[in-house]
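Following this message is one structure expressed as structure tokens.
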Amino acid sequence: MKMIIGVPKEIKNNENRIALTPAGAAELVKRGHEVYVQAGGGNGSGFTDEDYLHAGVKMLPTIEKVYETAEMIMKVKEPIEPEYKLIKKGQILYTYFHFASSERLTKAMIENGSVCLAYETVELPDGSLPLLVPMSEVAGRMSVQEGAKYLEKTFGGYGVLLGGVPGVPPAKVLILGGGIAGTEAAKMAAGLGADVTIMDINLRRMRYLDDIMPANVKTMMSNEYNIRDMVQTHDLIIGAVLIPGAKAPHIVPRDMLKIMRPGTVLVDVSVDQGGCFETTVATTHADPTFTIDDVIHYCVANMPGAVPRTSTIALTNATLPYALQIADKGWKQACSDNLSLRKGLNVVDGKVVYKGVAEAFNLSHENVESVL
Ligand SMILES: NC(=O)c1ccc[n+]([C@@H]2O[C@H](COP(=O)([O-])OP(=O)(O)OC[C@H]3O[C@@H](n4cnc5c(N)ncnc54)[C@H](O)[C@@H]3O)[C@@H](O)[C@H]2O)c1
């Protein structure tokens with residue numbers, strides 16, 4: 001089967017990513033699909049219109065034309081108000097939606113009769129979420145880069161170099177949560193020579209990390225007693241905990257700031273789930289930090305947005321295999337054949353087929369099999 005795929009330019013404030021790289025588009029074109037990208041859509045990620053043209057893509061001048069032309073829209077962020085009216089009945093929307101955080105968005109997608117395949121709920125048999133992983137990887141790696149910067153005196157930090165120098169011990173980095181983001185943070189900090197400790201509550205995970213990490217990374221059980229002890233001596237504390245489907249626990253309460261050294265830097269990667277420091281408040285790249293009790297907080301909710309080129313390529317690497325299945329087989333067949341992709345179906349032809357979304361807004365829930 002041949003599908004017409006449209007990739008609009010993202011219009012959400014400060015969003016520089018695009019849903020498809022020229023390399024990804026070329027794969028779709030090679031299999032006989034037609035790909036249309038909005039002119040200038042890749043500029044924020046360093047991909048020119050010429051790059052797309054070389055990949056066999058056709059450029060369209062406006063967002064309206066892209067929505068009008070395509071059977072499947074590939075995006076990064078959820079559609080926002082000006083896009084609602086452009087979506088056609090039966091059109092496939094393959095993007096991040098995070099429906100449970102917006103009733104307005106959910107109702108709009110019910111009304112327009114589109115087929116909403118949400119990146120964030122595509123789920124592998126082991127329960128992992130393959131289309132969220134790349135962004136956790138980016139945020140985890142970035143947390144050390146940002147933390148190192150704010151540890152510099154000019155930014156208010158304690159004034160230490162992560163790796164130290166000969167004759168001067170390295171800085172101490174504490175990572176709360178040894179999942180995807182925490183592990184990537186640990187690799188970066190260890191690579192720079194820091195003295196790293198990962199705290200988690202999952203002993204199996206810590207056994208694994210202990211096996212694979214270099215000698216300057218230790219593991220420690222996460223509990224209030226241990227955290228209170230460790231924060232007094234650590235320069236950079238990275239929060240990367242996640243309890244699936246729940247708000248992040250406040251494992252660093254406000255009173256712990258008083259026992260930290262002035263100039264300690266906290267980076268809360270978990271900010272998008274409410275944050276694991278009690279004092280966390282979401283910030284933006286334009287104004288990323290604030291200081292409480294002489295402790296610097298970096299709490300940017302969309303860290304990957306600062307490195308759109310890396311993020312765009314990482315996202316396409318993960319989303320493309322599913323996009324190829326949808327394009328080759330049509331969404332119904334692809335979701336019938338692939339249980340992981342089927343879990344991505346959230347709203348289809350006016351019906352809410354993902355339980356968590358229906359529950360969030362007290363809407364009726366239809367079995368996903370009923371729409372296949
Ligand atoms: N800020 C951003 O830009 C950004 C980008 C991507 C992801 N994130 C967020 O980063 C967070 C981490 O994501 P992930 O993919 O690494 O999750 P993950 O599920 O891979 O890892 C979470 C880890 O936290 C551990 N954990 C749970 N409770 C704990 C506790 N009390 N103490 C210590 N560890 C605990 C779990 O055992 C697990 O190992 C999520 O909240 C995610 O939404 C933020």
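The values are calculated or read from the model by the stated rules, or taken from the named source; none is laboratory data. Predicted model, so just to flag it, every value in this text is computed and none were measured. Note: ideal-geometry Cβ built from the backbone for every residue, glycine included; neighbour counts use all protein chains shown. Each accessible area value is taken on the protein alone, full model and side chains, heavy atoms only, with ligands, DNA and RNA left out. Shrake-Rupley method; radii C 1.70, N 1.55, O 1.52, S 1.80 Å.
Restricting attention to segment 289-324, which residues are assigned to a strand (DSSP E or B) and among the hydroxyl-bearing types (S, T, Y)?
Within segment 289-324, T289, T291, Y298 meet the criteria.
I'd like to know if segment 183-195 contains one or more residues that are among the acidic types (D, E), farther than 24 Å from A301 by Cα and open to solvent by 10 Å² or more (accessible area, probe 1.4 Å).
yes
Select, from L93, L131, L117, the only residue that is hydrophobic (A, V, I, L, M, F, W, C), more than 16 Å from the ligand (Cβ to nearest atom), closer than 17 Å to E10 by Cβ and crowded, with 16+ Cβ neighbours inside 10 Å.
Going through L93, L131, L117 in turn, the sole match is L93.
OK, next. Within segment 25-36, how many residues turn out to be open to solvent by less than 40 Å² (accessible area, probe 1.4 Å), in a helix (DSSP H, G or I) and either under 22 Å from E68 (Cβ atoms) or among the hydroxyl-bearing types (S, T, Y) (or both)?
2
Quickly run through segment 143-152 and pick out the residues that are of a type in the set (A, V, I, L, M) and either open to solvent by 20 Å² or more (accessible area, probe 1.4 Å) or closer than 14 Å to T289 by Cβ (or both).
Once the filter is applied, which keeps residues that are of a type in the set (A, V, I, L, M) and either open to solvent by 20 Å² or more (accessible area, probe 1.4 Å) or closer than 14 Å to T289 by Cβ (or both), segment 143-152 yields A148, L151.
Moving on. So if I check each of T279, T284, which one is open to solvent by 10 Å² or more (accessible area, probe 1.4 Å), touching a His at 6+ places or on another chain (Cβ under 8 Å), of a type in the set (S, T, Y) and in contact (Cβ under 8 Å) with a residue 24 or more places away in the chain?
T279
Taking into account only those residues within segment 300-338 that are out of contact with any strand residue (DSSP E or B) (no Cβ under 8 Å at 6 or more places or on another chain), among the small types (G, A, S) and within 16 Å of the ligand (Cβ to nearest atom), which is nearest to S270 (Cα to Cα)?
Of everything passing the filter in segment 300-338, G305 is nearest to S270 (Cα to Cα).
Looking at segment 325-367, which of its residues are in a helix (DSSP H, G or I) and among the aromatic types (F, W, Y)?
Matches in segment 325-367: W331 only.
Sticking with this structure for a sec: Which one is farthest from D268 (Cα to Cα), of the residues in segment 159-216 that are assigned to a strand (DSSP E or B) and charged (D, E, K, R)?
D195
Taking the residues in segment 231-284 that are farther than 19 Å from G163 by Cα, touching a strand residue (DSSP E or B) at 6+ places or on another chain (Cβ under 7 Å) and among the acidic types (D, E) as candidates, determine which candidate is farthest from the ligand (Cβ to nearest atom).
Out of the qualifying residues, it is E278.
Here's another thing I want to ask about it. Which of the residues spanning segment 337-357 are touching an Asp or Glu at 6+ places or on another chain (Cβ under 9 Å) and more than 14 Å from C116 (Cα to Cα)?
L339, S340, listed by residue number.
Scanning segment 8-18 for residues that are crowded, with 19+ Cβ neighbours inside 10 Å and more than 13 Å from E83 (Cα to Cα), which turns out nearest to the chain's Cα centre (by Cα)?
Only one residue tops the list, namely R17.
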